[in-house]
Amino acid sequence: MVQRILHCNNDNKNMGGAYIFERLLENKIRKYGYIFDWITMDEFIDTGDIQRDVCPDSRTYSAKLRKNRFLGHIKLINYVHTVVKQNRYKIVHLDIDSAWKGLLYAIPSKIAGARVVVHSHAAGVDGDCRALKKMLHLISCGLLSSLADSKIACSNKAKKWMFPGRNGKDVHIIFDGINLEKKRFDCTERKQTRHRLGIGDNEILLGNIGTLCENKNQKFLVEILKKIVEQGIDAKMIFVGDSYLNYGDKLKKYVSNYGLEKRVIFYGYTNDTNMLLNAMDFFLFPSKSEGLGMSLIEAQATGLDCIASSSIPGETKISSWVYYEDNDDAEKWCDKIIKINERRSIRELRKVDKKYGIEFSAKQMADIYYALLYKNSKEQ
């Protein structure tokens, strides 16, 4: 019998990392008898992109309550209760970055009779009003943990963030697996993409994939590019991702102030990141905090040399070609890039273990759903 799992706090309009992972996971978990439905405070849109849109037989519930966030959060509680109750969902899966937001879904779901899975995808807060968001999060952690029938985190840092102290017991760590079949180095694709981007054979292409925002810290990468160019190295930088709030505009101004406009490519969002990873020579990931960091995982899978912030969870180290540095010294990152570039290995020979694939993650998640649906019900 097919079971529908209601996933909360994700949508394909804003395209967060949690949605990308869960949407990829659904492709593999269906063979175990599970279909994902989706509910969001915002809305789902029809993009015409089969990788970005939900599956044709999945159901979506768009509350469209973001115009007035204060009233929207209050109305969301009733909306969620109605959806869960009327559709008799047995499991509601919360993909969240903060506990207070999780309560808006967990409380009505429990009242409606569903079992709640709390899945932590972050290790900090982002955006505006961060001090307030962090305070609300810390206040809400204990209550959310008590409402959880199953707890999941994508890393130990994400676990400590969402389930601190005694609440952290019995947490399943499920790695954000990737599609290893698609994340492979392709020399032909590399040449074609670099030609299309206007990257010369002797130019070094530095890259970053992720939402342009304060937490992802792309301004730091502009400083790195400036120092590399000052040393006489022919290099360019490519930013892949949409802007959050007005950070993209600030970043472009920052680039302009350094006179680097001709050396920076703002590519925007794409779901075909593999071609861009193949084109890059270095993947740089200076985030201030991450639950895990899927793009860093994907970059390693293509054999790409990577340098990441030391604040990134250690679980992201799935190869010997990723390095970690504090994100407060652009000079160190510049020196590291130059040293690695002088002794770079053959990418075609680099492979990562299958345990980092999405197939493994799907099996782990399916086991958790099975336990909630069948094992727990037998004990009661």
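The values are calculated or read from the model by the stated rules, or taken from the named source; none is laboratory data. Model, not experiment: these values are computed from the prediction. All Cβ positions, even for glycine, are placed from backbone atoms using ideal geometry, and neighbour counts span all protein chains on display. What goes into the accessible areas is simple: the full protein's heavy atoms, side chains included, and nothing from ligands, DNA or RNA. Shrake-Rupley method; radii C 1.70, N 1.55, O 1.52, S 1.80 Å.
So the values come out like this:
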| read-out | value |
| --- | --- |
| Residue 240, sole failed condition from (1) of a type in the set (A, V, I, L, M, F, W, C); (2) open to solvent by 40 Å² or more (accessible area, probe 1.4 Å); (3) at pLDDT 95 or above; (4) in contact with a Ser or Thr (Cβ under 7 Å, 6 or more places away or on another chain) | (2) |
| Members of region 340-369 found to be free of Cβ contacts under 8 Å to residues at least 60 places away in the same chain and among the hydroxyl-bearing types (Ser, Thr, Tyr), listed by number | 345 |
| 3 or more residues hydrophobic (A, V, I, L, M, F, W, C) and buried (at least 21 other Cβ atoms within 10 Å of the Cβ): qualifying strands (runs of 3 or more DSSP E) within region 269-380 | 282-285, 305-309 |
| Answer residue from region 140-153, given it is farther than 22 Å from residue 366 by Cα and open to solvent by 10 Å² or more (accessible area, probe 1.4 Å) and is nearest to the chain's Cα centre (by Cα) among those | 140 |
| So residue 106, is it under 26 Å from residue 79 (Cα atoms) and at pLDDT 90 or above | yes |
| Yes/no for residue 79 being at pLDDT 90 or above and out of contact with any strand residue (DSSP E or B) (no Cβ under 7 Å at 6 or more places or on another chain) | yes |
| Unmet requirement for residue 130, which otherwise passes all of (1) touching a helix residue (DSSP H, G or I) at 6+ places or on another chain (Cβ under 9 Å); (2) within 27 Å of residue 77 (Cβ to Cβ); (3) of a type outside the set (Phe, Trp, Tyr) | (1) |
| Total residues in region 154-166, condition touching a residue at least 60 places away in the same chain (Cβ under 8 Å) and either hydroxyl-bearing (Ser, Thr, Tyr) or surrounded by fewer than 17 Cβ atoms within 10 Å (Cβ to Cβ) (or both) | 2 |
| Residue within region 187-198 that is more than 30 Å from residue 261 (Cβ to Cβ), open to solvent by less than 30 Å² (accessible area, probe 1.4 Å) and not aliphatic (A, V, I, L, M) present | no |
| Criterion violated by residue 84 - all others in (1) of a type in the set (Val, Ile, Thr); (2) within 24 Å of the chain's Cα centre (by Cα); (3) surrounded by 22 or more Cβ atoms within 10 Å (Cβ to Cβ); (4) more than 18 Å from residue 176 (Cβ to Cβ) satisfied | (2) |
| Region 253-268, residues that are outside any helix (DSSP H, G or I) and either at pLDDT below 90 or hydrophobic (A, V, I, L, M, F, W, C) (or both) | 260, 264, 265, 266 |
| Candidate set from region 243-265 (those that are under 25 Å from residue 17 (Cα atoms) and open to solvent by less than 70 Å² (accessible area, probe 1.4 Å)); member that is nearest to the chain's Cα centre (by Cα) | 243 |
| Matching residues in region 105-152 - criterion: being over 25 Å from residue 311 (Cα atoms) and not small (Gly, Ala, Ser) | 105, 107, 108, 110, 111, 115, 116, 117, 143, 144, 147, 149 |
| Filtered residues of region 34-81 (kept if touching a residue at least 60 places away in the same chain (Cβ under 8 Å) and open to solvent by 20 Å² or more (accessible area, probe 1.4 Å)) | 49, 51, 52 |
| Condition check for residue 105: open to solvent by 50 Å² or more (accessible area, probe 1.4 Å) and hydroxyl-bearing (Ser, Thr, Tyr) | no |
| Conditions (1) at pLDDT below 95; (2) open to solvent by 10 Å² or more (accessible area, probe 1.4 Å); (3) within 27 Å of residue 216 (Cβ to Cβ); number of the one not met by residue 169 | (3) |
